[in-house]
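Please treat every number below as a calculation from the coordinates, not as lab data. Because the structure is a prediction, the values reported are computed rather than measured. Heads up, the Cβs are rebuilt from the backbone with ideal geometry, glycines too, and the neighbour counts pull from every protein chain shown.
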Amino acid sequence: MNDASASPPADSPREEIDWPRFVALVQAHQRFLLTTHVRPDGDAIGSTLAMAAVLEHLGKEVRIAVAFELPPGLRFLDPEHKVQRLSGNPAVDRLDSVEVLMVLDTCAWAQLGEMAEVVRTIRARKVVLDHHASFDDLGAEVFKDVGAEAAGRLVYDAATALGVPLTPRIAVPLFAALATDTGWFRFASTSAPTYELASRLVRAGAVPDRLYKDLYEHDSLGRLRLIGLAMGRVETEMDGRLIYTWIGRDDFAAAGAIPPDSEDIINMTLAVVGTDAAVIFVEQLRGGFKISFRSRCALDCSRLAERFGGGGHRAAAGAYLTGSLAEVRAQVLDAVREAMP
């Protein structure tokens, strides 16, 4: 689960989206470019691939361009190799012909990586389909529902509004989106409608046990070693209510791991009895630290992350800060202590 895609509590009210407006926009255009956030998770990739399949069912021309290499653990969702990294070569990227640029599962400049410049400069109509509380003005028409448990839910709603039936090409990535952003249906964002949607997706061709194995039972030895390094550094404060750890840039090489291997490690710290909030500092290859926040108390992670230029949901959010580990850790932990209820 990426910080940008962590899900809201199940009691978060659903927001009304103007689906007739969305339908009219889709019907009025032919050539679409889809993108999603860096450090992608199953919801980012699953919702993007599912939306591409929905649009292609309608006879639209669809391309997917992103600012990252698809992580090995998610490549099985894209057997047709539709997710392509932005090359920076206009002749290759062919952006001039795009009529609609659709951003899925984020509404934050910092989450777009190299695609941010494309979003700023492209002449195409811009649309955002997102479920996060954090919001940047991307100059786009926004279709947002912070009560949705996953961006995949919004893609399903869009397909329903467009009259597109569920097919295996749509159902499989949508199930991955829904399941990963709800922690395989164990997070507080899971509700009766979540299971109802999962049931529809299974009837349409998603196979849960196969997807679970592909998503969670293909860890590399490097990831296991990286987990060991992070767990060995765990520290607690506030009588165990706050737990935190860190991963250094050199740890990836030492463990034989890659940056995506650090995803979700923070969630493991929440298994400690008495823990209400967790923080992990992950040094980036380009420098600086990605900070992830988790809360299972009244601490609002999204507001905490926004203090550092990041965002996300109340229970899970992230940010990026430059500086040494000592500087970043002191700054962030002071803010967490101050915000803890």
Checking His57, His37, His218 against a Gaussian network model of the chain (alpha-carbon springs below 10 Å), the top fluctuating residue turns out to be His218
Scoring only Lys, Arg, Asp and Glu (+1, +1, -1, -1) among other residues with Cβ under 12 Å from the Cβ of Lys60 yields -1
Residue-count net charge about Glu141 - beta-carbon cut-off 11 Å; Lys, Arg +1, Asp, Glu -1: +3
Per the Kirkwood definition applied to all pairs of different Cα atoms, how many angstroms is the hydrodynamic radius of the stretch 234-289? 12.0
For Arg203 and Phe76, compute 0.36 nm times the residue count separating them, minus their Cα-Cα distance, and round to one decimal in nm. 43.7 nm
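How high is the relative contact order of the chain? Use alpha-carbon pairs under 8 Å, at least six apart in sequence, and give a whole percent. Each step should come with its number before you reach the end.
Values: 687 pairs, mean separation 62.4, N = 341.
Once normalised by length, the contact order is 18 percent.
Between Ala28 and Ala271, what length comes free when the chain is fully extended (0.36 nm per residue of separation minus the Cα-Cα distance, one decimal in nm)? Working shown, then result.
On the way: separation 243, 0.36 × 243 = 87.48 nm, distance 4.92 nm.
Net length gain for the segment: 82.6 nm.
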Gaussian network model of the chain, Cα springs within a sub-10 Å range: biggest mean-square fluctuation belongs to which of Val119, Val26, Val38? Val26
Would you work out if the stretch 191-341 is rounded, prolate or oblate? Take a ≥ b ≥ c from the square roots of the eigenvalues of the alpha-carbon gyration tensor; rounded if a/c is under 1.5, else prolate when a/b is larger than b/c, oblate otherwise. oblate
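Measure up Lys144/Lys213; Lys82/Lys126; Lys60/Lys82 against 23 Å on the Cα-Cα distance and list the ones that go over.
Working: Lys144/Lys213 31 Å; Lys82/Lys126 20 Å; Lys60/Lys82 14 Å.
Long pairs (Cα-Cα over 23 Å): Lys144/Lys213.
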Residue ranges of DSSP H helices in the chain that stretch 15 Å or more (Cα, own long axis) and have mean Kyte-Doolittle hydropathy of at least 1.0 are 168-181, 221-232
Taking the Cβ of Leu333 as the center, what net charge do the other residues with Cβ under 12 Å away carry, scoring Lys and Arg +1 and Asp and Glu -1? -3
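Using only the Cα atoms of the stretch 16-127, build the gyration tensor, take square roots of its eigenvalues as a ≥ b ≥ c, and label the shape rounded, prolate or oblate: rounded if a/c is under 1.5, else prolate if a/b is larger than b/c, else oblate.
On the way: a/c = 1.38, a/b = 1.20, b/c = 1.15.
Taking the square roots of the gyration eigenvalues as a ≥ b ≥ c, the stretch 16-127 is rounded.
With a cap of 15 neighbouring Cβ atoms within 10 Å, and only residues DSSP puts in a loop, list the trypsin sites (Lys or Arg not before Pro) found in the stretch 115-184.
Working: sites: Arg120, Arg123, Arg125, Lys126, Lys144, Arg153, Arg169; in loops: Arg123.
Counting only loop positions with at most 15 other Cβ atoms within 10 Å, the trypsin sites (Lys or Arg not before Pro) in the stretch 115-184 are Arg123.
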Using distinct alpha-carbon pairs, which all enter the 1/r mean, Kirkwood radius of the stretch 134-185 in Å: 12.3
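If R₀ is 30 angstrom, what is the calculated FRET efficiency for the pair Glu196 and Trp19, using the beta carbon separation as r and rounding to 0.05?
On the way: r = 19 Å, r/R0 = 0.62.
That pair, Glu196 with Trp19, gives E of 0.95.
Which value at 222 nm does the chain reach when only helices count, each DSSP H run of 4 or more adding -39,500 (n - 2.57), with the total divided by all residues and rounded to the nearest 500 deg cm²/dmol?
On the way: 13 runs with 128 residues, N = 341.
Helix-only estimate at 222 nm: -11000 deg cm²/dmol.
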Using DSSP to call loops (not H, G, I, E or B), can you name the GluC sites (Glu not before Pro) in the stretch 80-143 whose Cβ has at most 13 other Cβ atoms within 10 angstrom? Glu80
